[in-house]
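Working notes, beginning with the structure itself.
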Amino acid sequence: MISIDVNTASGGYPVYIGENLISSTVLWQRHLQRRPAFIVSNEVVAPHYLQHLLQALDGEPCGQLILPDGEQHKTTGIWRLIIDRLVQANATRDTVIIALGGGVIGDLAGFAASTYMRGIDVIQVPTTLLAQVDASVGGKTAVNHQAGKNLIGAFHQPTAVIADINTLNTLNEREYGAGLAEVVKYGAIRDAAFFDWLDNNAKLLGSRIPDAVLQAVKASVEHKAAVVAADEKEKGQRALLNFGHSFAHALETITRYQSLLHGEAVSIGMVAAARLSRQLGLCDQHAEKRLIRLLSGLGLPVAIPAEIDRQDIVSAMRLDKKNLDQVRRLILLRGIGDAFIAENIREADITTALKAPEAA
Ligand code: NAD
Ligand code: GLY
């Protein structure tokens, strides 16, 4: 088992990464310390892992709530349901919420933990690759508003993250691949050596060889931990983690979250950002080509679907609620492993990049 410390202004916590960690009674005893646990999971994850968790806990939880599956349930209504169930279970400030699931469960349970009695503890048990390498670490919690994703939320750091890589074996190919896009992101924005390692180990990672998965999750969490420690509330460099995401959000909005998984949209978005960087003379063709080769080698899409009008992407980027008060700010590359926050990017340049052919 690997343990990585996340140190933020509002508190520190360990991220454990390893095999069969959900069943580790020692870990649960260490972090619950006989306090009552309230489990939040969903109807897809619970049949696989709830029993393992219940067996490892020292005694019965004070409550459990198995939610319907899917992003469409990341709502204030479901947040309210979690709060109601906590009240029914007589949860106190001592109660610890255990979030067992992917990023949707982590965000929902984390937001409930941040609001119940002005904040109770939450332990994140991420079961998707995306949640292990990104969503469970760093304390962002949220539910969606009809006007936009994650518009209602809070920063609320967990007291521990238990990332059991064995859970990834039941993930389907597309969901696993979507997580790999976020892994590639860390190499692209801040670690050229890790990017090389990914290049060399893409086959092993694609086949989910435990050693390779462990190394990839470890390196990703180390990067996330370092960024969050330096900038917990996203006043500065945490924005680098949004590499490719402005394009991705636009693609997700246009396709109404129906055809692309978030990680798939991020994959296409990172390539678009690399292309724009190249067009602006910030980085050479080589960086864009390497990104395309690695992402497509991992089975991820890299091209904007032909049926999407490029101008619609620019319009959607302009209307992105999170960008409303900002100048046109994007995360761009100087090269692999070297991203920066670029200000005042002109819409015309974005349009040109979106219409340009791939690096030859
Ligand atoms: P998800 O939680 O919807 O999980 C994807 C699918 O996999 C779901 O159907 C889920 O039930 C299923 N699943 C989960 N674990 C499984 C397992 N081990 N075996 C089989 N199936 C399993 O999606 P996600 O990609 O994990 O997370 C996306 C969400 O995370 C979005 O809501 C996004 O906004 C949020 N997010 C949050 C942060 C953050 O910092 N808080 C960062 C990135 C993304
Ligand atoms: N997923 C981006 C962040 O946590 O800031």
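Bear in mind these aren't lab numbers, they're just calculated from the coordinates by the rules spelled out. All figures in this text were calculated on a predicted structure; none of them were measured in a lab. As a convention, Cβ positions derive from the backbone with ideal geometry for all residues, glycine included, and neighbour counts pool all protein chains shown.
For this structure, a couple of remarks:
- Selected from Leu53, Thr76, Leu151, residue furthest toward positive end of dipole (the chain; charges at beta carbon): Leu151
- Dipole magnitude (debye, nearest 20) for region 118-232, charges at Cβ of Lys, Arg, Asp, Glu: 260 debye
- For region 2-148, the square roots of the Cα gyration tensor eigenvalues, ordered a ≥ b ≥ c, give a/c below 1.5, which places it in the rounded category.
- Within region 1-84, the trypsin sites (Lys or Arg not before Pro) that combine a DSSP coil assignment with at most 14 other C-beta atoms in a 10 angstrom radius are Arg34.
- Region 228-360, relative contact order in percent, only Cα pairs under 8 angstrom and at least six apart counted: 29 percent
- Among Gly297, Gly244, Gly103, residue whose mean-square fluctuation peaks in a GNM of the chain (springs only between Cα atoms under 10 Å): Gly297
- Förster radius 45 Å - calculated FRET efficiency between Asn201 and Gln279 (Cβ-Cβ, nearest 0.05): 0.90
- Region 124-242, relative contact order [Cα under 8 Å, separation at least 6], %: 29 percent
- Label-to-label distance, nm, for residues given as Arg208 and Lys355 (7 Å Cα→Cβ offset): 4.3 nm
- Helical runs (DSSP H, four residues minimum) scored at -39500 (n - 2.57) apiece and divided by the length of the chain put the mean residue ellipticity at 222 nm at -14000 deg cm²/dmol.
- With the convex hull of its Cα atoms as the shape, the chain has an orientation-averaged projected area of 16.2 nm².
- When you count the other C-beta atoms within 10 angstrom of each residue and take the mean per peptide, 110-123, 305-318 line up highest first as 110-123, 305-318.
- Look at the alpha carbon pairs under 8 Å that are at least 6 residues apart: their mean separation over the length of region 1-133 gives a relative contact order of 22 percent.
- Taking the Cα centre of the chain as origin and assigning +1 to Lys and Arg Cβ atoms and -1 to Asp and Glu Cβ atoms, the resulting dipole is close to 600 debye.
- Ranked by how many other beta carbons lie within 10 Å on average, peptides 83-96, 185-198 from highest: 185-198, 83-96
- Of Thr351, Gln132, Ile304, farthest towards positive along the dipole that unit charges on Lys, Arg, Asp, Glu beta carbons give the chain: Thr351
- Cα gyration tensor, region 39-115 - rounded (a/c under 1.5), prolate or oblate: oblate
- Considering only Leu53, Leu129, Leu100, the mean-square fluctuation computed in a Gaussian network model of the chain, springs between alpha carbons under 10 angstrom, is largest for Leu53.
- Whether region 249-324 is rounded, prolate or oblate, judged on the alpha carbon gyration tensor where a/c under 1.5 counts as rounded: oblate
- Hits among lysines - C-alpha to C-alpha of Lys140 under 21 Å, sequence gap 8 or more where chains match: Lys74, Lys149, Lys185, Lys218, Lys224, Lys233, Lys235, Lys321, Lys322
- Rounded to 10°, Cα long-axis angle of helix 285-297 versus longest principal axis of the chain: 40 degrees
- Each Lys and Arg Cβ is given +1 and each Asp and Glu Cβ -1; about its Cα centre, region 175-214 then shows a dipole of about 40 debye.
- Extension reserve of the Thr25-Ile341 stretch, reckoned as 0.36 nm per residue once the Cα distance is removed: 109.4 nm
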